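Here is the structure we will look at.
No lab work stands behind these numbers, since they all come straight from the coordinates. As the structure is a computational prediction, the values presented were derived from the model and not from experiment. Neighbour counts run over all protein chains shown; Cβ positions are idealised from the backbone, glycine included.
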Ligand SMILES: C[S@@+](CC[C@H](N)C(=O)[O-])C[C@H]1O[C@@H](n2cnc3c(N)ncnc32)[C@H](O)[C@@H]1O
């Protein structure tokens, strides 16, 4: 970011504050030193009481330094509360450039409603100057915004003044101390571009959760969109859309939660009503010091909803293939492939529910089995099957310990005569040929219970179908394309959880393959997997996986490495 290492200088300033100097006075001191050097006359009030500070090294003497100084000297608790983690230069520049791409407005009036040290306004100013506008005109007529923190507002003005080489009076009017979520609507529809990095305030965090009063105020202001645990950053999207005129754009950095969180649904729906998604910037890198993973939409108020969405990834803003506009509030679909989840196009013919039924046990059934489970290698009682004992196309019963109700068993069986009548009836009803499916795994794990002696322990899902169809169904459900689909569905529920999670109802909705001949091949190969130990098992999985991809019309090369990689080399291997 800087030619030199700012850390040493920033640490020196931090040392002054730790030694008793007032942080605001130090910030004002740096403003005085930098702007004096740049020949800019600073309003007297800004440098009143400024501390004497060491002169910044030459390579750090840019307008970008001021925001960093302010951030460094913020008291940590106040910083967390305010969500004040300022934006790296390359992200601010990249997002401004992306947000302006193809925009009909050539010289936009730009607003950052939570401007902090002014990183985004600086990036916008640079971008407008590159288009030929005079810097002084840029800061007088094109840069607007505010911050709830009075010192941040001063720093943002000083950064722009240093950049322009002058401090015009308009700066003090255009950049104000204000609460963007409470502010009056004087500014509504006044801007062409709202850009920035609003505060992230996770409502599950102790320091960042809203007070009751604040929550009530935001509900009154934003209605249903402000209910529950929605992050404050998401509400800024709605404020941004109020601030731009029709055709104007909003590009605000967001935490990943805005894409998928249930509590952000109201915001997503309101955004979809008022605007089209013009672009998406996404990264799984940690580009902020705070470590929160971020993304940003580029919204166009009243924009064209038929257009493809432009996409960029990582701090480099590298172009990625376009995506369709999201359906309703399903924003996860905008980034699922960028997060490394494959999204193959499947050729399908019907769904599992056409051939089968599926059930998952309930808590009562789980507790009904407690006390009736015995470790018994060669007994006649039915075998208990936990989720952990299911592997790809088989089970590890008898070779790996099962954990059930806080105990471990190598050969868990259910003593039928020890069960309450209702649980006994339920267990007996399970004792027929079926498929058993694990939940919360890296890939879909399904096994065939041909004999019908397995008792699925909650939350294992049992899939019932005519016995002669069980292997074909297992070959479809266990296939790499179905794992990719299931991963996509789970991704929407929680971006960070790296698991496949299916309900019994979702299992019935899984598609069956269109190529019946390839499906028959995959079924034959699937049967080989469970009996194959050691390194040969990997080859058996590969052969089955490739055939199953073909059955769905998917090129194995696109999917098989992902699927095999998620299976890994661990585990005992199924039999
Ligand atoms: C993440 S910082 C981002 C700053 C700036 N966009 C940047 O990238 O340099 C968020 C800023 O929002 C300010 N802030 C927090 N709540 C605010 C509110 N309700 N209205 C306006 N600003 C707010 C904080 O003081 C902080 O400066």
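Within 10 Å, count the other beta carbons around each residue, average over each peptide in 421-428, 435-442, and list them highest first.
435-442, 421-428
Label-point separation (nm) for residue 304 and residue 170, each offset 7 Å from Cα along Cα-to-Cβ?
3.2 nm
Taking every pair of Cα atoms in region 175-264, average 1/r, invert it to obtain the Kirkwood radius, and report Rg/Rh to two decimals.
Value, to two decimals: 0.95.
Could you give the angle, 0 to 90 degrees to the nearest 10, between helix 265-274's Cα long axis and the longest principal axis of the Cα atoms of the chain?
Helix 265-274 sits roughly 60 degrees off the main axis of the chain.
Roughly how compact is region 367-455, stated as its Cα Rg over 2.2 N^0.38 Å to two decimals?
1.03
Let me see the pair-distance distribution of the chain: every alpha carbon pair, 10 Å bin width, integer percents in order.
3, 16, 21, 18, 15, 12, 9, 4, 1, 0
Counting only C-alpha contacts under 8 Å and six or more residues apart, can you give the relative contact order of the chain as a whole percent?
Reported as a whole number, the value is 10 percent.
At a threshold of 8 angstrom on Cα-Cα distance, excluding pairs fewer than six apart, so keeping six or more, what relative contact order does region 417-575 reach in percent?
21 percent
Would you mind checking the radius of gyration and Dmax of region 51-141 based on alpha-carbon positions, in Å?
When restricted to the Cα atoms of region 51-141, Rg and Dmax are 15.0, 47 Å.
Would you mind calculating the gained length between residue 374 and residue 215 on full extension (0.36 nm times residue separation, minus the Cα-Cα distance), in nm to one decimal?
That works out to 52.0 nm of additional length.
Can you report the principal axis dimensions of region 129-175 using only the alpha carbons, biggest first, rounded to whole angstrom?
32, 18, 16
Residues in region 319-339 near a label at residue 345, defined as backbone nitrogen under 19 Å from the 7 Å Cα→Cβ point?
From region 319-339, the list is 320-327, 333-338.
When averaged across all projection directions, what area in nm² does the alpha-carbon convex hull of region 366-417 cover?
Averaging across all directions leaves 3.6 nm² for the Cα convex hull.
For region 238-279 and region 297-341, what is the separation of their Cα centres, given in Å?
Centre-to-centre distance over Cα atoms comes out at 12 Å.
Give me the Debye-computed log₁₀ of I(q)/I(0) at q = 0.12, 0.13, 0.19 Å⁻¹ for region 1-101, equal point scatterers on Cα only, no solvent, two decimals.
Calculated log10 I(q)/I(0) at the listed q: -0.44, -0.51, -1.02.
So how tilted is helix 534-551 from the main axis of the chain? Cα-based, degrees 0 to 90, rounded to 10.
Result, in degrees: 80.
In percent, what relative contact order does region 182-331 have, based on Cα pairs under 8 Å that are 6 or more apart in sequence?
22 percent
Please sort 124-131, 204-211, 170-177 by packing, taking for each peptide the average over its residues of neighbouring beta carbons within 10 angstrom, highest first.
Result, highest mean first: 124-131, 170-177, 204-211.
Taking the Cα atoms of region 468-551, report the difference between the largest and smallest coordinate on each principal axis, in whole Å and largest first.
Answer, in whole Å and largest first: 35, 29, 21 Å.
Output the 0 to 90 degree angle, nearest 10, between the alpha-carbon long axis of helix 6-18 and the longest principal axis computed from the alpha carbons of the chain.
80 degrees
Based on the mean of other beta carbon atoms within 10 Å per residue, what is the order of 471-479, 540-548, 49-57, most packed first?
Sorting 471-479, 540-548, 49-57 by mean packing, highest first, produces 471-479, 540-548, 49-57.
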